[in-house]
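Single-structure report; data block below.
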Amino acid sequence: MSYYDKHVFFCVNQREPGFACCNNHKAQEARDYVKRKMKALNLTGAGKIRINTAGCMDRCKEGPVVVVYPEGVWYTYADYSDLDEIIDEHLQNGRIVERLRI
């Protein structure tokens, strides 16, 4: 059994000016938002969900991107309401958010 039920990786990579990257879309702020919300919901810690920072995941043109393991489901998001939907639907209820899936 894994220490965590799920790992959620946010690409927060910053490339040189003029190149597509997730942090051009404030990915670090999005990751911090989700981490705070998950803690407030008591969904973090052993046997629960871990919010992780990742470097480039090589899907820059589809960014910003987040991936949920062990399912291997990739998402993009535009704002905090999209992130709330991923939390509510996928992380809490196990339902993939198809409209955000890439």
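The values are calculated or read from the model by the stated rules, or taken from the named source; none is laboratory data. Just so we're clear, the structure is a prediction, and the values are computed from it rather than from any experiment. Here the Cβ positions follow ideal geometry from the backbone for every residue, glycine too, while neighbour counts run over all protein chains shown. What goes into the accessible areas is simple: the full protein's heavy atoms, side chains included, and nothing from ligands, DNA or RNA. Shrake-Rupley method; radii C 1.70, N 1.55, O 1.52, S 1.80 Å.
Could you tell me what percent of the accessible area of the chain is made up of carbon and sulfur, with a 1.4 Å probe and every protein chain present? Don't jump to the answer; show the numbers that get you there.
Values: 2820 of 5810 Å².
Roughly 49 percent, rounded to a whole number.
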ask   = Taking every DSSP beta bridge that has both residues in segment 8-102, what percent is antiparallel when rounded to the nearest 5?
value = 60 percent
ask   = Relative contact order for the chain using alpha-carbon pairs under 8 Å, separation at least 6, rounded to a whole percent?
value = 32 percent
ask   = residue 43: accessible area at probe 1.4 Å, nearest 10 Å²?
value = 40 Å²
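Sort 35, 26 from largest to smallest accessible area, using a 1.4 Å probe on the heavy atoms of the protein chains.
Most to least solvent-accessible, the answer reads 26, 35.
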Computed FRET value (nearest 0.05) for residue 3 with residue 58, which takes r as the C-beta separation and R₀ as 22 Å = 0.25
remark   = Helix 27-40 sits off the longest principal axis of the Cα atoms of the chain, rounded to the nearest 10 on a 0 to 90 degree scale, by 10 degrees
task = Name the residue farthest towards the positive end of the dipole of the chain from the options 40, 77, 30, assuming +1 on Cβ of Lys and Arg, -1 on Cβ of Asp and Glu, about the Cα centre.
result = 40
ask   = Cα-based count: Lys pairs in the chain below 18 Å, eight or more positions apart or different chains?
value = 10
message = With +1 on the Cβ of every Lys and Arg and -1 on the Cβ of every Asp and Glu, and nothing else charged, how large is the dipole of the chain about its Cα centre, in debye rounded to the nearest 20?
response = 280 debye
message = Given a 10 angstrom Cα cut-off, can you work out which residue in 22, 11, 56 is the most mobile in a GNM of the chain?
response = 56
query = Would you list 25, 90, 7 from the most to the least accessible area, probe 1.4 Å?
reply = 25, 7, 90
ask   = Among the chymotrypsin sites (Phe, Trp or Tyr not before Pro) within segment 1-84, which fall in a DSSP loop and have no more than 11 other Cβ atoms within 10 Å of their own Cβ?
value = 3, 19
key: Solvent exposure of segment 20-102 as accessible area per residue, Å², 1.4 Å probe   = 53 Å²
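Run the helix sum for the chain: -39,500 (n - 2.57) per DSSP H stretch of 4+ residues, divided by residue count, reported at 222 nm to the nearest 500 deg cm²/dmol.
-6000 deg cm²/dmol
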note = In the list (i) 14.0; (ii) 13.6; (iii) 14.5, the entry giving Kirkwood radius over Cα pairs in Å computed from the coordinates is (ii)
message = For the chain, which cysteines have no second Cys with its Cβ under 4.7 Å from theirs?
response = 21, 56, 60
Label-point separation in nm, residue 69 to residue 39, each point 7 Å along Cα→Cβ = 2.3 nm
